Amino acid sequence: MHQIKFIFPTEKKNSLGYECIIRTGLARALKAGSVEKLKDLVKSNVFFQSATDPSKQLVHTIEFLNREKILNVEQFELLTSAIGEAMLNVNHHAYKCPLSNVQIHEKMQSIVSGIGERWWQCAWYDEDNRKWVFIIADLGLGIPFTYGFQANNVRRDDAPLSNLMKEAFTRGSSRFVGVGRGNGSENIKDAVGSNCRQQESLLIYSGGVRYSYNTTQSEPKVIDLNQGIKGTLIEWTLYI
């Protein structure tokens, strides 16, 4: 049996580490070893949270962001819309694998049976730099992999992963075109660049691909890293 032991900083010996890891609630999130403790993170409104229900968690997230009342109306609406889309994508795509891929399907089923179709998120406001950072991550298959399967579960092997990633974030693109959704994930990008005073950014790591976009670019940069974190991580950085 594998175990992970955390050694956390103390306020006396490492005040900065204590501020970043203990006071932010990160330590508490890392030690949340049960579903009930994960739910308590949401109830306690700590920076780091985890959930499986997009509709319920989006309400909590909106309340969390709205406490500061710093984002302007347009920023707030676009960011919460983008976050909601990211949550729905976890629910609709991240852990879904066709039965034809028996080994991967069984692996995903094992994860879901243990923790559900879960994602983790964190958000904080950097007062010194007047910016909001919001991150959402899951342990799923990754966007290039899930998008590469069409609605009929036929695998597209004709395109590089970076191309599939870029296509997935193009307006009107979806593996579910014609079967209920098909709006793509363009609104995940729309949160960046609304009435901004500085360069804002969107960063995504998924399926061994790095996707980055900021307000100085006309097109996103998509790089096939051939390695990466498990699942998908999305980060928005918005300036006030």
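Bear in mind that the values in this text are calculations on the coordinates, not laboratory data. These numbers were taken from a predicted model, which means no experiment stands behind them. Neighbour counts are summed over all protein chains in view; Cβ atoms, including those assigned to glycine, are modelled from backbone coordinates with ideal geometry.
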Among Ile223, Ile204, Ile4, Ile22, which comes first, then next, by fewest other beta-carbon atoms within 10 Å? Ile4, Ile223, Ile22, Ile204
Sort all Cα-Cα distances of region 1-134 into consecutive 5 angstrom bins from zero, then give the percent of pairs in each bin up to the one containing the longest distance. 2, 9, 16, 17, 18, 15, 12, 7, 4, 1, 0, 0
Neighbouring Cβ atoms within 10 Å as the yardstick, rank His93, His60 fewest first. His60, His93
Which value in nm describes the separation of the simple spin-label points at Glu186 and Glu77, placed 7 Å from the Cα toward the beta carbon? 1.7
Sites Lys13 and His60 - FRET efficiency at Förster radius 45 Å, r taken between beta-carbons, to 0.05: 0.85
Can you flag which of Lys31/Lys221; Lys107/Lys131; Lys5/Lys166; Lys13/Lys221; Lys31/Lys131 are past 30 Å Cα-Cα? Lys31/Lys221; Lys107/Lys131; Lys5/Lys166; Lys13/Lys221
Given the DSSP H assignment, sum -39500 (n - 2.57) over each helix run of at least 4 residues in the chain and divide by its residue total; what's the result at 222 nm in deg cm²/dmol, nearest 500? -9000 deg cm²/dmol
Over all distinct Cα pairs, what is the inverse of the mean 1/r for the chain, reported as the Kirkwood hydrodynamic radius in Å? 19.0
Protection proxy ranking of 28-41, 74-87 - average other beta-carbon atoms within 10 Å, highest first: 74-87, 28-41
